[in-house]
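K.L.:
I am attaching a structure below and will ask some questions about it afterwards.
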Amino acid sequence: MGEVVVSSSSEEEEGMVVEFETEKDIGSSEVVRWEEFLPRMVLSVLLVEADDSTRQIIAALLRKCSYRVAAVPDGLMAWETLKDGHHNIDLILTEVELPSISGYALLTLVMEHDVYKNIPVISMSKSCFC
């Protein structure tokens, strides 16, 4: 196997440089940008957030990071969006406290469904435990 060297170079405009030696060409180094190792696929996120402004901010941040976002204000609409099947959801990002059905109830529905049980769910909470 080849050796991988990650370095930061002031000569490079992008910052991070990855150099590696291949088995065929021992002794020769090739410069590879770290972006080449990132997946090229676009992930689809189902964002479930009751607060309009928070939902818009999080959706904008996710879109800026090249995610496709389906944003809904409550758990029931989230479940309907999943069942609709048009969005091919890869990740569910949900608030815990939601109108109609809670984030916990949505998680239960997802975990008990044969098709959706493998979709990762991240729960968010505004609660402060200070």
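The values are calculated or read from the model by the stated rules, or taken from the named source; none is laboratory data. This structure is a prediction, so every number in the text was calculated from the model and none was measured. No Cβ is skipped: glycine too gets one built from the backbone with ideal geometry, and neighbour counts run over all protein chains shown. Just so you know, the surface numbers come from the protein's heavy atoms only, side chains and all, with ligands and any DNA or RNA stripped out. Shrake-Rupley method; radii C 1.70, N 1.55, O 1.52, S 1.80 Å.
K.L.:
Please tell me if ALA70 is at pLDDT 95 or above, buried (at least 18 other Cβ atoms within 10 Å of the Cβ), out of contact with any Phe, Trp or Tyr (no Cβ under 8 Å at 6 or more places or on another chain) and part of a strand (DSSP E or B). Step through it out loud before you land on a result.
P.N.:
On the way: at pLDDT 95 or above: yes; buried (at least 18 other Cβ atoms within 10 Å of the Cβ): yes; out of contact with any Phe, Trp or Tyr (no Cβ under 8 Å at 6 or more places or on another chain): yes; part of a strand (DSSP E or B): yes.
Yes; evaluated as a whole, the condition is true for this residue.
K.L.:
Hey, any hits in segment 79-87 for a residue that's in a helix (DSSP H, G or I), of a type in the set (S, T, N, Q), free of Cβ contacts under 8 Å to residues at least 40 places away in the same chain and out of contact with any strand residue (DSSP E or B) (no Cβ under 7 Å at 6 or more places or on another chain)?
P.N.:
No, because not a single residue in segment 79-87 is in a helix (DSSP H, G or I), of a type in the set (S, T, N, Q), free of Cβ contacts under 8 Å to residues at least 40 places away in the same chain and out of contact with any strand residue (DSSP E or B) (no Cβ under 7 Å at 6 or more places or on another chain).
K.L.:
Let me ask you something else. Would you confirm whether any residue within segment 92-100 is of a type in the set (Asp, Glu), within 13 Å of the chain's Cα centre (by Cα) and at negative phi? Even if it seems obvious, please write down each step before you answer.
P.N.:
Looking only at segment 92-100, we keep the residues that are of a type in the set (Asp, Glu), and these are 95, 97.
If we keep only those that are within 13 Å of the chain's Cα centre (by Cα) too, we end up with none.
Checked segment 92-100: no residue is of a type in the set (Asp, Glu), within 13 Å of the chain's Cα centre (by Cα) and at negative phi.
K.L.:
Look at segment 55-67 and say how many of its residues are of a type outside the set (Val, Ile, Thr) and open to solvent by less than 50 Å² (accessible area, probe 1.4 Å). Give the steps one after another, and end with the answer.
P.N.:
Filtering segment 55-67 for residues of a type outside the set (Val, Ile, Thr) gives 55-56, 59-67.
When the remaining residues are screened for being open to solvent by less than 50 Å² (accessible area, probe 1.4 Å), the result is 55, 59, 62.
Adding up the residues that qualify gives 3.
K.L.:
Going through segment 103-118 one residue at a time, which ones are part of a loop (DSSP other than H, G, I, E, B) and in contact with a helix residue (DSSP H, G or I) (Cβ under 6 Å, 6 or more places away or on another chain)?
P.N.:
Just the residues of segment 103-118 that are part of a loop (DSSP other than H, G, I, E, B), to begin with: 113-118.
TYR116, LYS117, listed by residue number.
K.L.:
Looking at segment 88-101 only, could you name the residues that are of a type outside the set (A, V, I, L, M) and either open to solvent by less than 40 Å² (accessible area, probe 1.4 Å) or assigned to a strand (DSSP E or B) (or both)? Even if it seems obvious, please write down each step before you answer.
P.N.:
Taking segment 88-101 and keeping what is of a type outside the set (A, V, I, L, M), we get 88, 90, 94-95, 97, 99-100.
The answer is THR94, GLU95.
K.L.:
Among (1) among the basic types (Lys, Arg); (2) assigned to a helix (DSSP H, G or I); (3) modelled with pLDDT under 90, where does LYS126 come up short?
P.N.:
Status for LYS126: all satisfied but (2).
K.L.:
For segment 27-67, how many residues are at pLDDT 75 or above and charged (D, E, K, R)?
P.N.:
Within segment 27-67, the first condition is being at pLDDT 75 or above, and the residues that meet it are 42-67.
Of the ones still in play, those that are also charged (D, E, K, R) are 49, 51-52, 55, 63-64.
Total satisfying the criteria: 6.
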